[in-house]
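Contents: one structure, followed by commentary.
The values are calculated or read from the model by the stated rules, or taken from the named source; none is laboratory data. Keep in mind that this is a model prediction, so the values were computed, not measured. Ideal geometry is used to build each Cβ from the backbone, glycine not excepted, and the neighbour counts take in all protein chains shown. Just so you know, the surface numbers come from the protein's heavy atoms only, side chains and all, with ligands and any DNA or RNA stripped out. Shrake-Rupley method; radii C 1.70, N 1.55, O 1.52, S 1.80 Å.
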Amino acid sequence: MKLRFVLQAMRIKNWIKNSLIFIPIIFSGVLFEDDNLFIVLGAFLSFSLIASSIYIINDVRDAENDRKHAPKCSRPIAAGNLAAGKALLISGIIAGGGYSLAFWIGKTTGFVFWPLFELTAYFLLNLGYSMGLKNFPLIDVFLLALGFMLRVFYGGSILGIGVSNWVYLTIFSGALYLSLGKRKNELLYYGDAARESLKNYTLEFLDKGMQIFLTLCLVFYSLACASYDTAAAKMGVNLIWTVPLVTLICLKYYLDISRMTEGDPVGIIFKDKYLLLLITAYGLSMIILLN
């Protein structure tokens, strides 16, 4: 068993999704206070380990089907480079590591129950998704969106930081926008044979759904930036100037969905260097403005 196959099965590249954990602490403006940065980095690692354990379980269950579809056929378990039994053992080990780290961080910060509850909710949610819920239309995209939401909640609860209503609505609508985009891309390039739930979707429905939630996401984000009750506003920071950049990022992703065979948000980000540059610029600008 080669380490590179284990790392591939863990989908380290997909850990970028877990950067949502940083949103509450960045928006609260306390990223660089005390040991907050190291605590959230630890939370990021613990969540990522749990996510990787789910990826492995999902790949074990889908190995037979993945062998019939590119590029999934190259995944270590589907390709026969990592035995299913060993993969499940590794999944259990890294999940245990993720929970142990999360518990240790919680004991350090004094917030144990809610972080562990949200971590468990994420694990069970995605386990259910892997076990068959992903085959039901609408439920599949809502579960994906809830996974994004739990990342944000976990990042806030690990330090006892709340998430504002506007941020909640922005992330929720943005997550549905991304989830519908993933399904649209799969249906567009691989047809309804690629996934059971795709047999109940149409390109028109998925495209209109993307438009609806893109609009909501930008409206909610704009309102969050314009609100006088946010931590940013109370610090005298005007985030309204970041709205054009966020709009450009969302539109570029919308364009890529129809042009790239890669439908996963992470895959698109790494293949489109322009989009990656825009996201990096936004992240750095928020850190500079709010901390």
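Quick notes on this one:
- Asn165, sole failed condition from (1) crowded, with 16+ Cβ neighbours inside 10 Å; (2) under 30 Å from Asn36 (Cβ atoms): (1)
- Residue match in segment 60-74 (condition: modelled with pLDDT of 90 or more and either of a type in the set (S, T, N, Q) or in a helix (DSSP H, G or I) (or both)): yes
- Any hit, segment 270-289, residues being more than 24 Å from Ile21 (Cβ to Cβ), among the hydroxyl-bearing types (Ser, Thr, Tyr) and either free of Cβ contacts under 8 Å to residues at least 24 places away in the same chain or in contact with a Lys or Arg (Cβ under 8 Å, 6 or more places away or on another chain) (or both): yes
- Within segment 219-236, one or more residues are under 20 Å from the mean Cα position of the chain (by Cα) and either buried (at least 20 other Cβ atoms within 10 Å of the Cβ) or among the hydroxyl-bearing types (Ser, Thr, Tyr) (or both).
- Per-region count, segment 120-156, residues open to solvent by less than 20 Å² (accessible area, probe 1.4 Å), closer than 22 Å to Gly42 by Cβ and hydroxyl-bearing (Ser, Thr, Tyr): 2
- Just so you know, in segment 66-83 the residues that are buried (at least 19 other Cβ atoms within 10 Å of the Cβ) and in contact (Cβ under 8 Å) with a residue 60 or more places away in the chain include one that is nearest to Tyr190 (Cα to Cα), and it is Arg75.
- If you go through segment 40-53 and pick out every residue that is of a type in the set (A, V, I, L, M) and open to solvent by 10 Å² or more (accessible area, probe 1.4 Å), you end up with 3.
- Verdict on Val40 being touching a residue at least 60 places away in the same chain (Cβ under 8 Å), assigned to a helix (DSSP H, G or I) and over 24 Å from Phe153 (Cα atoms): no
- In segment 18-34 there is at least one residue that is closer than 25 Å to Met149 by Cα, open to solvent by 40 Å² or more (accessible area, probe 1.4 Å) and part of a helix (DSSP H, G or I).
- Every residue from segment 168-179 that is open to solvent by less than 10 Å² (accessible area, probe 1.4 Å) and free of Cβ contacts under 8 Å to residues at least 40 places away in the same chain: Ala175, Leu176, Ser179
- Residues that are assigned to a helix (DSSP H, G or I), within 17 Å of Met210 (Cβ to Cβ) and touching a Lys or Arg at 6+ places or on another chain (Cβ under 9 Å), drawn from segment 136-179: Asp140, Val141, Leu144, Phe148, Ile171
- Residue pairs whose Cβ atoms lie under 8 Å apart, separated by 6 or more positions or on different chains, with the first residue in segment 149-162 and more than 17 Å from Ser100 (Cα to Cα) and the second among the charged types (D, E, K, R) and part of a helix (DSSP H, G or I), are Leu150/Glu118; Arg151/Lys17; Phe153/Glu118.
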